[in-house]
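Below is one structure, written out as structure tokens; comments come after it.
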Amino acid sequence: IRDRQYQVSIDWLLGLTNQGVVDADLFRGPLEFEDFSESSANQKLLEWHREASGYKVRYIPATLPDLLKNEEVAGYEFRRYGIGRTDQSIRDTHVLLVQQRQAESEMESCQSIQDIESFALGEGIWRDLSREVRIRQLEHMITLVDELYPRFRWFLFDGREVYTAAFTIFGPLRVVVFIGQSYLVLNSTEHIRMFSRRFDELIRVAAVQPNEMTDYLENLIRKIP
């Protein structure tokens, strides 16, 4: 699918390729949109996670990995965006954590180093979050990363070198792309394979590996002014 005015492909906009113009439409097959105004975003995500039980979930978060958020950060984020009830959002985060603690669960998460550094330093959307809360969140992450490894593996890449949109691959079932106030849901095998290849590429260029995350987060805490 290409933007007709600017002649750029959606795969380029999502960070799936460096080519802005392509000869063939990459997104063929059924497309489905889920809008936050029609249903709870978190409830829909939980439904997709339940359906993917036993499969590997691969995840590019928009901010921080949901299952690693403590109550303070989950509450701050949902109050900021005004999406749903804060208490429900916190419970949903706990449900994801419970699911990940199950023996058959497997999840990989990948995002930029700059995302985590911005959080630690209270930059951007996190500027109203106190230093104490940010430190508690990073300590909470350290605890969970240690506990959940290797069922949960978290990779960090350098955002100066590579870009990607936020998306989740629910095993062989679907890919869900986060596009602001909506989700773009892709169900075809072609889409799932394409996003899986993109995720593999991000892992290959990761600067911080899952077994290095604890040391990385501890060093990050020490750098907070």
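Brief remarks on what is shown
- Any chance Arg153 is in contact with a Pro (Cβ under 7 Å, 6 or more places away or on another chain), within 17 Å of Pro61 (Cβ to Cβ) and either aromatic (Phe, Trp, Tyr) or touching a residue at least 24 places away in the same chain (Cβ under 8 Å) (or both): yes
- Considered as a group, the residues in the range 81-105 that are in a helix (DSSP H, G or I) and modelled with pLDDT of 65 or more include one that is nearest to Glu123 (Cα to Cα), and that residue is Thr93.
- Filtered residues of the range 49-64 (kept if open to solvent by 10 Å² or more (accessible area, probe 1.4 Å) and either over 12 Å from Thr168 (Cα atoms) or in a helix (DSSP H, G or I) (or both)): His49, Arg50, Glu51, Ser53, Gly54, Tyr55, Thr63
- Residues located in the range 197-225, provided they are part of a helix (DSSP H, G or I), more than 18 Å from the chain's Cα centre (by Cα) and farther than 24 Å from Leu148 by Cβ: Lys223
The values are calculated or read from the model by the stated rules, or taken from the named source; none is laboratory data. Just so it is clear, the model here is predicted, and its values are computed rather than measured. Virtual Cβ from ideal backbone geometry, glycine too; neighbours counted across all protein chains shown. Side chains are part of the model used for accessible areas, which takes the heavy atoms of the whole protein and leaves out ligands, DNA and RNA. Shrake-Rupley method; radii C 1.70, N 1.55, O 1.52, S 1.80 Å.
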